[in-house]
Amino acid sequence: MLLRFLGTGTSTGTPMIGCDCPVCRSTDPRDARCRMCVAVESAAGGRIVVDTPPEFRLLAVKAGLAHMDAVAITHCHMDHVAGFDDVRRFNTLAGGRPLPCYGPAGALEALRAVFPYITDRPGPDGLFRPMIRFTPVAGAFTAGGMSIAPVPVFHPPVETCGYIFECDGRRAAHIPDCHEIPASSMALLREKRLDVLSLNCLRDKPHPTHLTLGRALAYAEEIGARETYFVHMSHSLPHAATEARLPPHVHLAYDGLEVAP
């Protein structure tokens, strides 16, 4: 299994428009953060892309993505879905076949409202829109040769989940946006004995819909993954200085990072 962190920033990205703070002006490439997008890949070549941010086309080109077996959506906030129209290129690369899109039922309903022209077949004038088979998830499913389980989390006010991926004898969880992890989801995450945990960590200061660094560290310790990578950071967390504050098994992810659990 391979986790490819294509984008690791919060909704504003870094550098942020109109900001001249040290992180937004940083020359450390790890401080430049596009919005959240992760590709999870199996040794056999299966690939699931989680979320399609505004920069999705640029991130896919930079990473050299030429196929995916499915796309999974965590929730329907624009920093996670605004690039969804670019999925249509993967339909073309797959020979004009529709792709499955997995996610919470409420998130998929909202996504269809944002992109009402999406269908599961080409239009009369050719392939100019995504061809998607929307598949609400209420339990574990299989895609790209991987076993995948949704992990419901609280990220008010919308229905949101993370995902646990299992393949090649490894287990990884990706939870990019949350304010609280309910007890039932915590039990599932502990039970899986994760090799890698990717977890939301916005900033030090409390926020009404995201985890702080302190709360993310507490969740990471309780979940007990072998390695934890924080994601969805704002410009208030400089990479090098924040990394120096973390335990040896906890890290800040950065755009382009690849992790093999």
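FYI, it's all coordinate maths here, none of it is from the lab. Keep in mind the model is a prediction, meaning the values are calculated, not measured. A quick note on method: Cβ atoms are made from the backbone with ideal geometry, for glycine too, and the neighbour counts reach across all protein chains shown.
Annotation: amide H of F230 within the under-5 Å range of L199, H251, L252, A253, sequence separation 5 or more or interchain, hydrogens built in the peptide plane.
So between C19 and A218, what do we pick up on full extension, going 0.36 nm a residue minus the alpha carbon distance? Don't skip to the answer; put the middle values down first.
Working: separation 199, 0.36 × 199 = 71.64 nm, distance 3.05 nm.
Between C19 and A218, full extension yields 68.6 nm more.
Rounded to the nearest whole Hz, the Karplus-based 3J(HN,Hα) values (6.51 cos²θ - 1.76 cosθ + 1.60, θ = phi - 60°) of the range 203-212 follow the sequence 5, 6, 6, x, 9, x, 10, 10, 7, 7, with x at glycine and proline.
Between the residues A216, P176, G123, the greatest Cα displacement towards the positive end of the dipole of the range 2-259, with unit charges on the Cβ of Lys, Arg, Asp and Glu, is found for G123. Would you please classify the overall shape of the range 204-261 from the alpha carbon gyration tensor, given that a ≥ b ≥ c denote the square roots of the eigenvalues, rounded means a/c under 1.5, and beyond that prolate means a/b larger than b/c while oblate covers the rest? Oblate, because a/c is 1.5 or more while a/b does not exceed b/c.
Inter-label distance, E180 to R121: 4.6 nm, where each label sits 7 Å from its Cα along the C-beta direction. Each Lys or Arg adds one and each Asp or Glu subtracts one; over the other residues with Cβ under 9 Å from the Cβ of I164, this totals +1. What do you get for the angle between helix 105-114 and the principal long axis of the chain? Use alpha-carbon atoms, 0 to 90 degrees, nearest ten. The helix 105-114 is inclined about 70 degrees to the chain. Mind jotting down the distance between the C-alpha centroids of the range 120-148 and the range 69-114, whole Å? After rounding, the separation between the Cα centres reads 7 Å. Once C-alpha pairs closer than 8 Å and six or more residues apart are averaged by separation and normalised to the residue number of the chain, the relative contact order reads 20 percent. Charges were assigned to the Cβ only: +1 to each Lys and Arg, -1 to each Asp and Glu. The resulting dipole of the chain about its Cα centre is roughly 280 debye. When the Cα positions of L199, N91, P152 are compared along the charge dipole of the range 90-203, N91 comes out farthest toward the positive end, with charges on each C-beta of Lys, Arg, Asp and Glu. Diffusion of the chain by Stokes-Einstein, at 10 °C in a medium of 1.306 mPa s and with Rh set to the Kirkwood radius over alpha-carbon pairs, works out to 87 µm²/s.
For L2, what is the net charge nearby, where nearby means another residue's Cβ is under 13 Å from its Cβ and Lys, Arg count +1, Asp, Glu -1? It would help to have the intermediate numbers written out before the result.
Values: positive: R4, R47, R170; negative: E41, D168, D195, E258.
Around L2, the surrounding residues sum to -1.
Model label sites at T92 and R226, defined 7 Å from Cα along the beta-carbon direction, differ in position by 4.0 nm.
Using the Cβ of P261 as centre and a radius below 14 Å, the other residues enclosed give a net charge of 0, where K and R count +1 and D and E count -1. For the chain, the residue among C34, F141, H232 whose Cα projects farthest onto the positive side of the dipole built from Cβ charges is F141. Once you reduce the range 182-261 and the range 1-29 to the center of their Cα atoms, the two points are 16 Å from each other.
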